[in-house]
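The values are calculated or read from the model by the stated rules, or taken from the named source; none is laboratory data. Small disclaimer: the values here were computed from a predicted structure and weren't measured. Counting neighbours? That spans all protein chains shown, and the Cβs are built from the backbone with ideal geometry, glycine included.
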Amino acid sequence: MLENSKHIIIVGAGIAGLTAALSLRHYGIRASIYERSPEIITAGAGIQLSPNANRVLSRIGVLKEISSVSIRCHGVKVFDYKSNQQLALFDYMKFKGNDFFYFCHRADLVGVLYAACQKLEIPVYFNKKLEKIINKKAVFSDGEALSAELIIGADGLHSNVRKTIADEAKPLFTRQIAWRSIVPNSINQGDFSHVTLAPKRHLVSYPIKDGSELNLVLIKEQDEWQPDGWKHLEDPRVVKENFKDFSGGTAEVISSIENVYKWGLFRYPLKQSLYNDRVILIGDAAHPTLPFLAQGAAMAIEDSFVLASKIFEFSNSSVAFKEFRRDRFPRVRRVVLASTKNAHIFHLSNIISRRVFQVSLRFLSKFFPHLLVKRFNWIYDYNVSNKNYSS
């Protein structure tokens with residue numbers, strides 16, 4: 001374990017950075033967080049938390065507070081866009097009733113994590129944009145240079161920390177764009193996530209807050225590049241035009257969109273060695289994950305706890321980072337590749353392929369419903385808070 005007197009800097013006060021600070025404190029290790037924004041960022045919309053993430057949140061002592069601002073997810077229903085017929089039911093309550101899946105607003109999750117940091121007197125400094133790292137010092141845009149034994153880059157897709165240790169081009173546009181919106185739950189959608197599939201498009205909806213609102217994520221394949229980030233306003237008419245052939249309750253919620261944000265979906269090529277002797281990346285800074293398995297936040301949360309456990313276990317940071325990479329790279333690689341594969345499955349456009357897929361889903365859902373849920377056990381049963389976990 002590193003001596004507690006040594007300074008650990010975490011760059012970024014999002015889900016990854018705040019969870020990393022709390023995980024380190026769980027092991028008795030102190031760290032400080034430096035955030036480029038003037039305050040905690042509450043942008044974004046809904047987020048899904050699966051059991052693999054919730055086990056970590058429980059271990060660091062915040063799951064009770066998170067559950068109080070969340071809705072327990074009972075499962076996933078899959079629909080066809082044109083007929084609005086249900087193709088499949090993934091019943092979590094029946095087949096994974098001892099595990100907890102939650103829907104919540106990103107702002108509520110970040111708020112709980114930040115409040116926990118404040119309660120533990122973990123320092124969080126704002127308006128601190130990292131410019132470079134030189135000779136064990138983190139140099140910020142205001143001119144301050146801070147010495148640190150370790151620097152953890154948790155500063156997202158466009159990570160400044162990544163630029164200091166990885167000589168590569170900008171993140172790659174995946175030819176997919178997404179829109180996010182929050183609308184009234186006029187269709188009284190219950191505690192299930194709805195996934196509606198269409199050629200080269202799909203829509204995900206689920207309730208948040210007290211269930212009176214729905215979080216919408218609409219994704220479409222598109223060659224034209226779109227900027228990353230959650231703050232790019234879109235004309236609602238553009239979204240409605242792109243999804244005008246959807247039917248039933250899905251069409252109703254699309255028609256109710258008033259405020260909507262768009263962003264492009266990006267990723268980096270996966271790399272095993274995103275660290276040096278003193279600097280390491282976690283979360284989206286290391287491996288942005290497409291949203292087709294709802295595992296982006298979960299991977300950041302898992303990363304944070306595993307890194308903290310390795311820093312606690314090994315006094316030498318190089319050894320700690322190598323052990324972190326050995327544990328995390330196979331796991332993250334599998335999730336990232338599965339998410340990318342799901343994008344293809346969700347957006348099947350060949351009429352024969354779509355028909356075969358739909359028939360298969362209906363058959364499994366009717367006769368072998370447990371297999372639909374079991375297929376994802378490798379994701380949800382993973383427990384990094386148990387030292388003997390395996391992928």
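Points to keep in mind about this one:
- Residue in the range 206-222 that is touching a residue at least 24 places away in the same chain (Cβ under 8 Å), over 22 Å from the mean Cα position of the chain (by Cα) and within 22 Å of residue 90 (Cα to Cα) present: no
- The residues on offer are 282, 254, 301, 311, and the sole one that is touching an Asp or Glu at 6+ places or on another chain (Cβ under 6 Å) and surrounded by 22 or more Cβ atoms within 10 Å (Cβ to Cβ) is 282.
- Single residue of the range 218-266 satisfying the filter (among the charged types (D, E, K, R) and in contact with a His (Cβ under 8 Å, 6 or more places away or on another chain)) that is modelled with the lowest pLDDT: 228
- For the range 160-192, filtered to residues that are assigned to a loop (DSSP other than H, G, I, E, B) and at pLDDT below 90, the residue that is farthest from the chain's Cα centre (by Cα) is 167.
- Annotation note: Cβ proximity below 7 Å between a residue of the range 172-191 that is farther than 21 Å from residue 78 by Cβ and β-branched (Val, Ile, Thr) and a residue that is modelled with pLDDT under 95 and assigned to a loop (DSSP other than H, G, I, E, B) (sequence gap 6+ or interchain) occurs for 174/290; 177/222; 177/226; 182/45.
- Residue among 115, 107 that is assigned to a helix (DSSP H, G or I), surrounded by fewer than 22 Cβ atoms within 10 Å (Cβ to Cβ) and without any contact (Cβ under 8 Å) to a residue 60 or more places away in the chain: 115
- Within the range 281-321, the set of residues being over 19 Å from the mean Cα position of the chain (by Cα) and either outside any helix (DSSP H, G or I) or closer than 20 Å to residue 337 by Cβ (or both) comprises 314, 315, 316.
- Subset of the range 62-91 [closer than 30 Å to residue 118 by Cα and buried (at least 18 other Cβ atoms within 10 Å of the Cβ)]: 62, 63, 66, 67, 70, 71, 73
- Within the range 33-58, restricting attention to residues that are surrounded by fewer than 18 Cβ atoms within 10 Å (Cβ to Cβ) and of a type outside the set (A, V, I, L, M, F, W, C), the residue that is nearest to residue 133 (Cα to Cα) is 37.
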